[in-house]
1. Under the Karplus relation 6.51 cos²θ - 1.76 cosθ + 1.60, θ = phi - 60°, what is the ordered set of whole-Hz ³J(HN,Hα) values for the stretch B:779-796, x standing for Gly and Pro?
2. Quick check for me: using +1 on Lys/Arg Cβ and -1 on Asp/Glu Cβ, what's the dipole size of the protein assembly as shown about its Cα centre, in debye to the nearest 20?
3. What is the sum of charges around residue B:892, taking Lys and Arg as +1, Asp and Glu as -1, for the other residues whose C-beta is under 12 Å from the C-beta of residue B:892?
4. Could you tell me what percent of the DSSP beta bridges with both partners in chain B are antiparallel, to the nearest 5?
5. How would the stretch B:291-416 be classified by its alpha-carbon gyration tensor: rounded, prolate or oblate, with rounded meaning a/c under 1.5 and the a/b versus b/c comparison settling the rest?
6. Sort the stretch B:825-869 into rounded, prolate or oblate with this rule: let a ≥ b ≥ c be the square roots of the eigenvalues of the Cα gyration tensor; rounded if a/c is under 1.5, and if a/c is not under 1.5, prolate when a/b is larger than b/c, oblate otherwise.
7. As a quick test, which of the pairs A:83/B:893; B:255/B:449; B:794/B:1000; B:386/B:526; B:678/B:779 have an alpha carbon distance above 22 angstrom in this structure?
8. Set the Förster radius R0 to 60 Å, insert the Cβ-Cβ distance between residue B:15 and residue B:743 as r into 1/(1 + (r/R0)^6), and round the FRET efficiency to 0.05.
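FYI, it's all coordinate maths here, none of it is from the lab. Just so you know, these numbers come straight off a predicted model, no measurement behind them. All Cβ positions, even for glycine, are placed from backbone atoms using ideal geometry, and neighbour counts span all protein chains on display.
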Amino acid sequence: MFIITCPYCGDRDQTEFTCHGEAHIARPLNTESLSDEEWGDYVFFRQNPKGMHRERWVHAHGCRRWFNALRNTVSDEIFATYKVGDARPPLPENPS
Amino acid sequence: MSQSCRLDSGGRIDRSKVLQFTFDGKSYTGFKGDTLASALLANGVKLLGRSFKYHRPRGLIAAGSEEPNALMQLENGAYTEPNTRATCIELYDGLVANSQNRWPSLGFDVGAINSSVARFLPAGFYYKTFMWPASMWMTYEKFIRKAAGLGVSPTEPDPDVYHSRYATCDVLVIGGGPAGLAAATAAAGSDARVMLIDEQSEFGGSTLGAAAVPEVASWVAASTAALAANNNVTLLPRTTVTGYFDYNYLTAVEKVTDHLGPGNGGTAPRQRFWKIRASRVVIAAGSIERPLVFADNDRPGIMLANAVSTYINRFGVLPDQNIVVFTNNDSAYRTAVDAARSGATVTMVDTRAEVSAELTRVLQQHKVKQFTGHAISSVQGTKGVKAVRIMPLSADGKSLQGQAWEINCGIVANSGGWTPSVHMFSQSGGKLQYDNSIEGFVPDPAKAKRINPGFSVGACNGSFATGDCIAEGAQAGRQAVEACGFVASDVAMPELTDALNDTGMGGIAALWLVPTVHPVGEGPAKHFHDFQNDVTAADIHLAAREGYLSVEHLKRYTTTGMATDQGKTSNLNALAIMAEIRGAQIPEVGTTTFRPPFTPLTFGAIGGQESKDLFLQERHTPMHQCHVQNNAVFEDVGDWKRPWYFPHSGEDMHAAVQRETLSVRTDVGMLDASTLGKIDIQGADAAEFLEMIYTNNWKKLAIGNCRYGLMLNEHGMIFDDGVTTRLGEHHYHMTTTSGGAARVLNWLEEWLQTEWPEKQVYCTSVTEQWAVVALNGPKARDLLATLSDIDLSKEAFPFMSMREGQVAGIPARVYRISFTGELAYEINVPARFGRQLWETLQEAGKPFNLCHYGTEAMHVLRAEKGFIIVGQDTDGTVTPADMDMDWIVSKTKPDFLGKRSFLRSDTARDDRQQLVGLLTTDPTVVLMEGAHIVQEIKDAPPMTTIGRVTSSYMSPNLERSFALGMLKNGLARKGETVQLSLMNGDAVEALVTDPVFIDKEGVRVRG
């Protein structure tokens, strides 16, 4: 049961949030001209790494804002949370 | 025989408070302060149960929560609880306990035949024997469960009340022994909020069962009192930390009134479930003594040494006058002294050839005969120990040779060393390391999980001496509060001098498997390491022979370490025996990861107060009371309670639904549509946003007009639908399915916030702000005209438009939209007027034969018109084309969500399942929803499925049954006949038709 720092509200219990997978996947602008493979890559394929992961969370039972988190999927340590559009925080020197 | 084993004095029991209880129907007495275990032992009752697999007679092993054998069926009827540990049940007056896993009686048990045929019940027996043929498993399982059962679950509803609560603290201390008390005391010296939790009724931990050392006892009492008086400290006795989760989130079960007996808790709950978030955790969980693994070491009367000490010192029970102490380490010498001081004849059998002169001197002082370098070779007595044979042990510990001695005894107090209770550290994600000096796994602080900051102190950290425990605990308490930003103050801790009580475990010489005159697995004796699961050293040898060498395989193959005690006394012995077989070091064999719960807990505690009526919240519409008065039968739609149908007296569901359905098409009906999801959308970019969200065009929708829309996900699949109305230049009112409202709002927000944050669009849920009555039927206009100032003529107020005005004197938005295909108005009023609107319409509708109709009639009516319900007729794999709804997909918009996926080969293929109508050849047959349309009927499955029924009803308007379904290439198959295979084996024939059965031209809805 994580404690997650909402960039708008501060530290809150995980039960207030939902996770929505990998962050920083932009929806293609020219969808019509994409190959099936390119479109499939956008719709279906995700990194699913063992280790550091930038992912989307929403403070669903709070301010309802979406934001990004930098989490180690092995230790579940969350190194940073940041607003949509903010610069990506660097990877930690000591991730686990 | 009344408490024949009770000592005249001593112990933490109140001899003035006599308590009555029964065990297996026989009455006994005990004292306040007893556990069920100590009271039974005081009465000389040593046979307490039968073992899991072999039905061998079993008695107490332990005095604490690690007890594997003494599992009781506690109480009767609704209060009964299986598999409770006699060692953890505080005695109360009137307690009723029964032994388990025996038939017909504990003394004579038919299942004990398993013991004689043990060679046919080896490890892996069940897997090997019953996995083939797989189809027979269901049959075998019933018998296996019965034969190898534990207790019996209650069959009546739980009459008890449970609570749960959240708590936060700066420092949580797990364990109230010397280390934990010291940690809590040191932490409480600051302003930090401290919680101290212990599973026993009193704080003091191991000191409660040890011979009293005055300076320790007085320090325990004084520090407990000081903590209780400190407002920053929460003391939770009778509470077990069951789980340690990420970010120092821990759960604990407090047994609030269990010790008072069933029904005696007054207004207090039986148990309370704590959910605690702690900045720092100090684990002071102590250690668990492990047994020596020797021949027939499971006979009743063979107990852990510290348990014998605890029964003597804490409960004033000397379980037998003749006691053999059998050990490979120093700690059991305390037990020998305790027993001798209480008047027993004690013999010490030490596997070590060399023992300190001081220990020998102490034994001589208490007239205890000592054998060093000896081991127990066999045990006499089946339902209780009568004597043991001991023999000299070879130097390598692998064999016995030389002069045998037979010693009469009723109790064998044995100790194979102490295993630190690393459960909590392991649950927190920390990794363990092996400490050769204590022969046990201890926490590796370098491999603790960073998100779970804390400390392991005392015996669970491998420090057994009381003085070390106190020093470690105090230091961790100080560090913990400093880590939380408080200033720690120095707290005086006691100086300990008593040599015997300050050496901890002392020297240990591991002897993991005590040999007999026979090789392991041969001869009549069994060497148990896991009592609860009846697993022997021979089973580990078998597992190794068959290739199950890793600890995870060993565990699953032999079931060692499983069941309710989770191997508290057995795990290390199992690992060590496997290591010896493999010629490996114990750390190479590894250790399993400990998982919650530490000890079994009740579902009642987990559920807390959220049971029965509080299990799930209900959402009620503003008209809910009207529906109750109108005798509605409700159905659950999401969290909503919606009227399903309104039976008149004497009507069953079918009759009511048929009447309601007919009435809407002949006269007029009203439906409470308030649950419909409603989202208010405003902003300069709202139209552009809707263009992306929906498949059709929105920019040209005139103000005051409504439009149906389909939402797709990026896979191109239908995900919600509804009617959206343009209220103003930049203002829309969106409706969604009742169950999909929250999902749709999340979806809109996700796109607005993450992909198009530059768009000026604001979405607000207004579902609960509007009460909605849907008026459907040919007389809807005439009825509404009697109550409204709005011009209802079809020229002034055409289909798919919205008008504002008064209805029944209430400001209203009236939408002329229809989910039945009839002339219809959906009247929206502010929620607080919902009931007034409903009641006024009800009264005004009488001359028009107005009926109430519920969701079931609504379903029939919409299906007659071929209107889909997302989630019933679709399942997340359905495109608009599959629904024959190409008309709603824009061919001109450059992009919308899901559009590109239409071109994917799988989405674009033309033999997908498509929506069709189905009319059975026999008009009285109503197909079961979910029934398969098959290519060809065969006598038995498998048959090739080419489609399925998604909606199916009897229609009074069609005067026959009808259905909607998905059929492969269905759009091209209208007019064909298909076969359906029903679950009962019947085959049914149906005609494939258009899905619109009534008013295909849409005349009524526009009338």
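1. 9, 4, 5, 4, 5, 4, 4, 6, 10, 10, 8, 7, 6, 9, 4, 6, 6, 7
2. Details: 103 positive and 123 negative charges, 308 e Å.
It comes to approximately 1480 debye.
3. Residues close to residue B:892 contribute a combined charge of +3.
4. Just about 75 percent of them are antiparallel.
5. On the way: a/c = 1.73, a/b = 1.17, b/c = 1.48.
Since a/c reaches 1.5 but b/c is at least a/b, the shape of the stretch B:291-416 is classed as oblate.
6. Because a/c hits 1.5 or more and a/b fails to exceed b/c, the stretch B:825-869 counts as oblate.
7. Table pairs above 22 Å Cα-Cα are A:83/B:893; B:255/B:449; B:678/B:779.
8. 0.35
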